[in-house]
């Protein structure tokens, strides 16, 4: 039991920010236009980044431009981010790649509006 607690604490410390579930989508594009606008299902968001599910993998460490759209903000959240990890999909799961993405630049005003709306919806 103690080992599970220790492992959970390490994961929380590594992430540094509380992640909240959110419905919406993200569009990811890279600078060299290799990605022609991957649209992915938005899963979670935090002050440090977000995660998506996608039918297409994206190379870790790739820098991408993103647009996040949800019903919780008055306009989309735009910025630049770095792909941190990509998980291998489970068998027979069409959007099986879970992709973790770290914010590099982001509109703080819209991000805070999104986070406040998420906190209000779970309170």
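The values are calculated or read from the model by the stated rules, or taken from the named source; none is laboratory data. Being a predicted model, the structure only gives us computed values, none of them experimental. In this analysis, Cβ positions are derived from the backbone assuming ideal geometry, glycine residues included, and neighbour counts consider all displayed protein chains.
Taking (1) within 10 Å of the chain's Cα centre (by Cα); (2) modelled with pLDDT of 90 or more in turn, residue 67 satisfies each apart from (1). Inside the stretch 73-116, residues that are surrounded by 17 or more Cβ atoms within 10 Å (Cβ to Cβ), at pLDDT 85 or above and farther than 24 Å from residue 31 by Cα make up a count of 2. If you go through the stretch 48-72 and keep only what is surrounded by 15 or more Cβ atoms within 10 Å (Cβ to Cβ) and in a loop (DSSP other than H, G, I, E, B), you end up with 48, 57, 58, 62, 70, 72. Going residue by residue through the stretch 53-61, is there one that turns out to be within 15 Å of residue 18 (Cα to Cα), touching a residue at least 40 places away in the same chain (Cβ under 8 Å) and under 12 Å from the mean Cα position of the chain (by Cα)? No, the stretch 53-61 contains no residue that is within 15 Å of residue 18 (Cα to Cα), touching a residue at least 40 places away in the same chain (Cβ under 8 Å) and under 12 Å from the mean Cα position of the chain (by Cα).
Would you be able to say whether some residue in the stretch 23-39 is within 17 Å of residue 110 (Cα to Cα), in a loop (DSSP other than H, G, I, E, B) and within 10 Å of the chain's Cα centre (by Cα)?
Taking the stretch 23-39 first, the residues within 17 Å of residue 110 (Cα to Cα) are 23-27.
Right, trim to in a loop (DSSP other than H, G, I, E, B) and you get 23-24.
Retained after the next criterion (residues that are within 10 Å of the chain's Cα centre (by Cα)): none.
Looking for residues that are within 17 Å of residue 110 (Cα to Cα), in a loop (DSSP other than H, G, I, E, B) and within 10 Å of the chain's Cα centre (by Cα), one finds none in the stretch 23-39, hence no.
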